[in-house]
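The values are calculated or read from the model by the stated rules, or taken from the named source; none is laboratory data. Everything quoted here is computed from the prediction, not taken from an experiment. Neighbour counts are summed over all protein chains in view; Cβ atoms, including those assigned to glycine, are modelled from backbone coordinates with ideal geometry. All accessible areas refer to the heavy atoms of the entire protein, side chains included, with ligands and DNA or RNA removed. Shrake-Rupley method; radii C 1.70, N 1.55, O 1.52, S 1.80 Å.
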Amino acid sequence: MAPKGLDYELLNENVKKVQYAVRGELYLRASELQKEGKKIIFTNVGNPHALGQKPLTFPRQVVALCQAPFLLDDPNVGLMFPADAIARAKHYLSLTSGGLGAYSDSRGIPGVRKEVADFLLRRDGYPSDPELIFLTDGASKGVMQILSTIIRGPSDGILVPVPQYPLYSAAISLFGGTLVPYYLEETANWGLDVNDLRNAVSQAKSKGITVKAMVIINPGNPTGQCLSEANLSEILRFCYQEGLVLLGDEVYQQNIYQDERPFISSKKVLMDMGPPYSKEVQLVSFHTVSKGYWGECGQRGGYFEMTNIPSKTVDEIYKVASISLSPNVPAQIFMGLMVNPLKPGDISYEQFIRESKGVLESLRRRARIMTDGFNSCRNVVCNFTEGAMYSFPQIRLPPKAIEAAKSAGKVADVFYCLKLLEATGISTVPGSGFGQKEGVFHLRTTILPAEEDMPAIMESFKKFNDEFMEQYEDHKGYSRM
Amino acid sequence: MRRSVIGGAKRSSLFLLNQAHRSLLSPSPPPLHHHLGSSPSSSATALLLLLRRLSSSSASSPPPPNMSNPVTVQSINPKVLQCEYAVRGEIVNLAQRLQEELKANPGSLPFDEILYCNIGNPQSLGQLPITFFREVLALCDHPTILDKAETQGLFSADSIERAWQILDQIPGRATGAYSHSQGIKGLRDTIAAGIEARDGFPANPNDIFLTDGASPAVHMMMQLLISSEKDGILCPIPQYPLYSASIALHGGSLIPYYLDEETGWGLEVSELKKQLEEARSKGISVRALVVINPGNPTGQVLAEENQRDIVEFCKKEGLVLLADEVYQENIYVPEKKFHSFKKVARSMGYGDNDLCLVSFQSVSKGYHGECGKRGGYMEITGFSPEVREQIYKVASVNLCSNISGQILASLVMSPPKVGDESYESYSAEKDGILESLARRAKTLEDAFNSLEGITCNKAEGAMYLFPRIRLPEKAIKAAEAAKTAPDLFYCRHLLNATGVVVVPGSGFGQVPGTWHFRCTILPQEDKIPAIVSRLTDFHKSFMDEYRD
């Protein structure tokens, strides 16, 4: 028989190389256990609505009306929908050419891109050009679009933080580029040292790799740190010197749980630095409707904004976007609503503020409960989640546990996380899926389980962990220190 | 002081270097461009390294930038430069400019609106959505109103019931959550049942991957199949340029097979064989065959007998059959019926072990035309578990497709049934659209055939006509002088004179020396007579100007 076109041996090697731990072995095992009837607490994906967070009412009303525009002509529509939702639905329908059922411009609806630009002006104090804003089906699609434009082959390197959100490693393997890691320093609250960046670049160069771009995730995923203004300007200066395009993953910009370091965008810092930097450094920043207090993951809405990217390159990115016709239109409306929210005085304003504040304040409390919970466990240390949606505790695994993992054919943190899952139903992602220093182990959990469940979850984690440590720790002459 | 002088010198030398480099590349971007850092010019590399070292040693006051500019047209992925997608190419850009012009200066052009016949985007041209589908989607988007009494007054009873059913299939009823990366299991069950009802053969929900429209599914398969230019994909010519673009982006080789215009765009297996052998003789490993049925841009509907030959061919040659079946609802002639390739293969007795088959479906086409939703799926059969795992993994990197699109895909595959409250209105809407499309196809086909030098095959299905224009020598000369392809030249003139946007045949591929354009049949019916007369007038004056 002739070999078949999809024989495993014939598949694109880049596809086979891709690893994406967020939905990897742990997730699959958790799904199996769930099918067997076990209660699983999914903390593996930043997916707030799956864990009971309610959608904000106002945007859902507006999108429902856009889905069913015939309701707008119904005299009884006012019984079910507030006037401001009706007005907004009409507004967005007027920006489309054919409602939610028509492809939009491949870059997204021009009127919505204008609303994004206005938001960026308010946020950063610098004008933004709607022509340089592309709406996407979630931020991941945008990241993949940009990386596929940049990467030509294995000698093109992309600087990626370690630990990192594995979208980056997966996309880089998929496009056949080389991931050039730079390590975040756990003992310095996951800070970033520019000297390490320089070393990473020169090491890559010595291997014949041209580093073309640098990724930062701010606030950090999985690490939760917020970058300071000083740190961001160092990074931008570094990109300027090395001629790197900076890819700023800023999807967690609304998720800040402390007051010392508010979110500051790479764009604002770049513009504040003035020329030559503000005129030269190429920057692409990403945002989404999936995070923040919106958490509308299922909509797949996002955008990226390009700064200092030559117009011919923008044309090429546009062309590639056009092959996929357009991002989905309902999510474009969500994006419009997110960047242009209700204002004081609007009928639904009070409710909107109550709902959004409720989500954020609860997340802030949960971040605290979780960090404190981890730090109360034996052999576990955890930095505070300053932002984003995750805790990334370090688990100091005893040598006997590492041995046991090895004989089970598992990476040590995978071994630990599987045991945790079997014992407690808590589904986490092992640190090895994000990258970590040799011999150091972590896990990532989201801070998203419902607040009222949080104490019980942390208690069950502590019970498991402390028993695990008891089982594997060699007491003879081995101190906790 | 001194530092800044050095900085200036550095910058200008780099500038010159870049200029020199660029001039090497002009006029058009080359297929394979070497980045400065890896360029064969070793002196340039050495200079660059020297400059980099200098720049990293000067810490204070802004050092000069490294001008290697990571994302200029010269340094980006050459595969990106190579791919083309004419459906939204130059003609559309011109149309957008004209539209802005009309807005700014009404009455300044010989027409008062732009008619986008370049793209299968029905609702942008006034086609109304199917009410039932939209009711369900609205309720799923805003489920808190489901149990309110007033809702009964605004929504049909079966839409409320369907919304409940769907929400119950979604864990936590959370339409705002990422779903399983293949799509929500309950919706896949519904789709599988729909496929089974259509084909009369079983379908497995685990074979279904929901996607943001059919295009990402096509990309996913290309990504899987193509490792290098040694991997070939057999594609019809003319073809929908998604395929050529995706193959170019993934760095594979498009192996063309020609549809025969004389026999109504017939697909001959002898032609497939010929092209396959030719490609193999060049050392290309041909991995898959793309068939678009009903055809885009050609509108033909394959006969079942023909499909059997194609299945046999793929089985014998070990090719993956990529069946683009997004127009399966769009059939306009009573003598033709849509048969899915899966049904044809199963009716030949071929199962999973005989053939790798992928069927693409979309919510954007059919009578529903919900392009903006980006919903679709692929059904993959005959794949080994390891391969399926790879597909799942790639899907999971992007988390999931959008939930509205997923819900809509399930609705399209299980519309209201006889006896449901919405059945009557649903059927009336659906039949109204399909019957009108059939009339529009016929009117436009006849109009084209009445024009001097134009012949046009029937649109048996899909949404397009693909007339052939026999351009006079003088027009071809004029096009050459204007440095454009003759069909693009014609389409540009058509647009400038009438505001009708069509896509030149060169964007789809055509037998060399023949010229075509693609025109959708989607403008609303009341506009068709005006379009016909505009087209006719334009064509006459074009021919008067260029007739040999």
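Tell me which of B:L81, B:A479, B:G172 sits at the most positive position along the dipole axis of chain B, charges placed on C-beta atoms (Lys, Arg +1; Asp, Glu -1).
B:L81
Cα-based Rg (one decimal) and Dmax (whole number) for the range A:393-481, in Å?
Over the range A:393-481's Cα set, Rg and Dmax evaluate to 13.4, 41 Å.
Let me make sure I get this right: for the range A:132-231, a, b and c are the square roots of the gyration tensor eigenvalues over alpha carbons, sorted descending. Under 1.5 in a/c it's rounded, otherwise prolate if a/b > b/c, else oblate. Which is it?
oblate
Which percent, to the nearest 5, of DSSP beta bridges fully inside the range A:94-339 are antiparallel?
Antiparallel: roughly 35 percent of the beta bridges in the range A:94-339.
Please compute, for peptide B:115-121, the average count of beta-carbon atoms on other protein chains lying within 10 Å of each residue's beta-carbon.
The per-residue average across the peptide is 2.
Provide the three semi-axes, in whole Å and in decreasing order, of the ellipsoid equivalent to chain A as defined by the square roots of 5 times the Cα gyration tensor eigenvalues.
Result for chain A: semi-axes of 37, 29, 23 Å.
Can you give the relative contact order of the range B:496-548 as a percent, counting alpha carbon pairs under 8 Å and 6+ residues apart?
Relative contact order for the range B:496-548 comes out at 34 percent.
Ignore the peptide's own chain and count Cβ atoms of other chains within 10 Å of each Cβ in B:132-141; give me the average, rounded.
Mean shielding by partner chains, rounded to a whole number: 6.
For B:S253, enumerate residues with amide H under 5 Å from its amide H, sequence gap 5+ or separate chain, H modeled in the peptide plane.
Amide H neighbours of B:S253, under 5 Å, 5+ apart: B:D231, B:G232, B:I233.
Projecting each Cα onto the charge dipole of the range A:94-339 (Lys/Arg +1, Asp/Glu -1 at the beta carbon, about the Cα centre), which of A:G108, A:S265, A:L197 comes out farthest on the positive side?
A:G108
Can you show me the helix-derived [θ] at 222 nm for the protein assembly as shown, built from DSSP H runs with n ≥ 4 at -39,500 (n - 2.57) apiece and divided by the number of residues, rounded to the nearest 500.
Mean residue ellipticity, 222 nm, calculated: -14000 deg cm²/dmol.
For chain B, I need the span (max minus min coordinate) of the C-alpha atoms along each principal axis, in Å, sorted largest to smallest.
Taking the Cα atoms of chain B, the three principal extents are 87, 65, 57 Å.
Ranked by accessible surface with a 1.4 Å probe, highest first, in what order do A:D74, A:D474 come?
If we order A:D74, A:D474 from most to least accessible, we get A:D474, A:D74.
Among the lysines in the range A:94-339, how many pairs, 8 or more places apart or on different chains, have alpha carbons under 23 Å apart?
Lysine pairs meeting the criterion: 23.
Cross-link partners among lysines for B:K230, C-alpha distance below 17 Å, same-chain residues fewer than 8 apart left out?
Cα-Cα hits under 17 Å: A:K4, B:K79, B:K282.
Residues of chain B: accessible area per residue at 1.4 Å, in Å²?
Solvent-accessible surface per residue comes out at 37 Å².
Helix by helix through chain A, keep the DSSP H runs that span 24 Å or more along the axis on Cα and average at least -0.5 on Kyte-Doolittle, and give those back in order.
Both cut-offs are met by no helix.
Let me know the charge dipole size of the protein assembly as shown about its Cα centre in debye, to the nearest 20, where only the beta-carbon of Lys, Arg (+1) and Asp, Glu (-1) is charged.
In total the dipole reaches around 2920 debye.
Can you give the charge dipole size of the range A:94-339 about its Cα centre, rounded to the nearest 20 debye, using +1 on the beta carbon of Lys and Arg and -1 on the beta carbon of Asp and Glu?
540 debye
So who's got an amide H within less than 5 Å of the one on A:V215, skipping anything under 5 residues away but keeping other chains? H placed 1.01 Å off N, in plane.
Those qualifying (amide H under 5 Å, at least 5 residues apart or on another chain) are A:L159, A:V160, A:L247.
If you project the alpha carbons of the range B:399-548 onto the principal axes, what extent comes out on each, in Å, largest first?
Taking max minus min along each principal axis of the Cα atoms, the range B:399-548 gives 63, 41, 25 Å.
Excluding ligands and nucleic acids, what accessible area in Å² is computed for B:D141 using a 1.4 Å probe, to the nearest 10?
Counting only protein heavy atoms, the figure is 10 Å².
Using θ = phi - 60° and the Karplus relation 6.51 cos²θ - 1.76 cosθ + 1.60, list the HN-Hα couplings for the range A:11-20 in order, rounded to whole Hz, with x at every Gly or Pro.
Per-residue couplings from phi come out as 5, 3, 4, 4, 5, 5, 6, 4, 10, 9 Hz.
Dipole size in debye (nearest 20) for chain B around its Cα centre, Lys and Arg Cβ +1, Asp and Glu Cβ -1?
Result for chain B is approximately 2800 debye, rounded to the nearest 20.
By a straight-distance test (C-alpha under 14 Å), which aspartates and glutamates pair with A:K343 as possible cross-link partners, with residues fewer than eight away in the same chain excluded?
Candidates past the 8-residue exclusion: A:D84.
Could you check how much of the accessible area of the range A:213-341 is carbon and sulfur, as a whole percent, using a 1.4 Å probe?
Answer for the range A:213-341: carbon and sulfur cover 48 percent of the accessible area.
If you keep only loop residues by DSSP, which trypsin sites (Lys or Arg not before Pro) in the range B:515-548 have at most 14 other Cβ atoms within 10 Å of their Cβ?
B:R547
Evaluated at 4 °C with a viscosity of 1.567 mPa s, what Stokes-Einstein diffusion coefficient in µm²/s does the range B:484-548 have when Rh comes from the Kirkwood expression over alpha-carbon pairs?
Approximately 102 µm²/s, per Stokes-Einstein.
Jot down the radius of gyration and Dmax of the range B:368-473, Cα atoms only, both in angstrom.
20.7, 61
Using only protein heavy atoms and a 1.4 Å probe, report how much of B:I284 is accessible, in Å² to the nearest 10.
Solvent-accessible area, nearest 10 Å²: 30 Å².
So what are the range A:94-339's ellipsoid semi-axes, whole angstrom, largest first, if each one is the square root of 5 times an eigenvalue of the alpha-carbon gyration tensor?
Rounded to whole Å, the semi-axes are 28, 20, 17.
Quick one: ranking A:T187, A:T57 by accessible area, 1.4 Å probe, largest first, what do you get?
Output order, biggest surface exposure first: A:T187, A:T57.
Report the relative contact order of chain B, percent, no decimals, based on alpha-carbon pairs under 8 angstrom and at least 6 residues apart.
Normalised by residue count, the contact order of chain B is 18 percent.
Can you give the mean number of other chain Cβ atoms that lie within 10 Å of the Cβ atoms in peptide A:38-51?
3
Evaluate the distance, in nm, between pseudo-label points positioned 7 Å from the Cα of A:N195 and of B:R280 along their respective Cα→Cβ axes.
Taking the simple label geometry, A:N195 and B:R280 are separated by 6.2 nm.
Find the relative contact order for chain A and round it to a whole percent, using C-alpha pairs within less than 8 Å whose residues are 6+ positions apart.
Worked out over chain A, it gives 21 percent.
Stokes-Einstein D for the range A:180-326 at 4 °C, 1.567 mPa s, Kirkwood Rh over Cα pairs, in µm²/s?
78 µm²/s
Provide the buried accessible surface between chains B and A in square angstrom, both chains summed, 1.4 Å probe, rounded to the nearest 100.
8400 Å²
So in the protein assembly as shown, what percent of DSSP beta bridges are antiparallel if you round to the nearest 5?
50 percent
Taking the C-alpha atoms of the protein assembly as shown, how large are the radius of gyration and the largest Cα-Cα span, Dmax, in Å?
Considering the protein assembly as shown through its Cα atoms, Rg and Dmax are 29.0, 101 Å.
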